[in-house]
Structure formats: structure tokens, C-alpha cells
Amino acid sequence: MIKVLHNNSCSKSRAILEHLDENNIHFEIIDIIENPLSEIELKTLLKKLNLKVDGIIRTGDDLYKEKFAGKELSEDEWIKVLVENPSLIQRPILIKGSVAMVGRPVENVKFFIDN
């Protein structure tokens, strides 16, 4: 089963859920705003994504621009920021077993699901 880290206020995230639904793909929604990831969960996710934390930060977000732009934070400090501010995490993120991907563009999602 595919797990989808989701933020309902994100149109891209809602579009991926719609795509999965339309294609009868079973998935579990994890609302990262209502149920933020812990530091351990976020570190595990980064390993599955094969990314460093800066690869999942939404740098175009107003909160990022207001509070964090230009700051030199360590990997662990950024993880704490994302745990406290889950809206700064790219979404959707799809998890399938031991691998994960940021769910954009939809063509990449199709490839991820099929393989």
C-alpha cells in the first residue's frame, strides 16, 4: 500500500489523491498538518527519499521567506524546524515500502506507482 503525506490546503497534494483514486490505487492518507511527523519519522523519510532535509523544504512558502530564508541551520536544526512547521514540507510525498518520492509531477507519480 502507498502512504501519502498530505496537506489538504495544497492543490498539488489534492490532485495526486484524486489521481490515485481515479486509478483505483489503494492508499493511506497521512495528514502532516494534523499529525506532524516526529524527528525520527522525518529522518526515516529522508532516507527513503534519498534526500537531505533541504530537498523537502518549501522555500517559496511565506513562512520560510519570513522566518528562515538565508539562515544557516544544520540538518538537525532544519529537521526540528520542519517538525514544528510541517507546512514547510514539500507535498505530497508518496511512500511505498522502503522508498519514497515527492509527488510531482504526476508523470513521476505514475512511474513510481507502476514500479
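Bear in mind these aren't lab numbers, they're just calculated from the coordinates by the rules spelled out. None of these values were measured; they are calculated from a predicted model. Note: ideal-geometry Cβ built from the backbone for every residue, glycine included; neighbour counts use all protein chains shown.
Here are the numbers for the structure shown:
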quantity	calculated
For region 47-115, the Rg and Dmax computed from alpha carbons only, in angstrom	13.3, 39
Among S98, F68, L88 the positive-end extreme of the charge dipole of region 1-108 (Cβ point charges)	S98
Size of charge dipole - region 2-114 - debye, nearest 20, with Cβ of Lys, Arg +1 and Asp, Glu -1, no other charges	260
Beta bridges per DSSP with both ends in the chain, % antiparallel, nearest 5	60
Candidate aspartates and glutamates - alpha carbon under 20 Å from K65, same-chain residues fewer than 8 apart omitted	D54, E75, D76, E77, E84
Cα-based Rg and Dmax for the chain, where Dmax is the largest Cα-Cα distance (Å)	13.9, 43
The chain - mean residue ellipticity at 222 nm from DSSP helices (-39,500 (n - 2.57) per run, n ≥ 4, rounded to 500)	-11000 deg cm²/dmol
26 Å Cα-Cα reach of K3 towards lysines, excluding residues that sit fewer than 8 places from it in its own chain	K12, K43, K47, K48, K52, K80, K96, K110
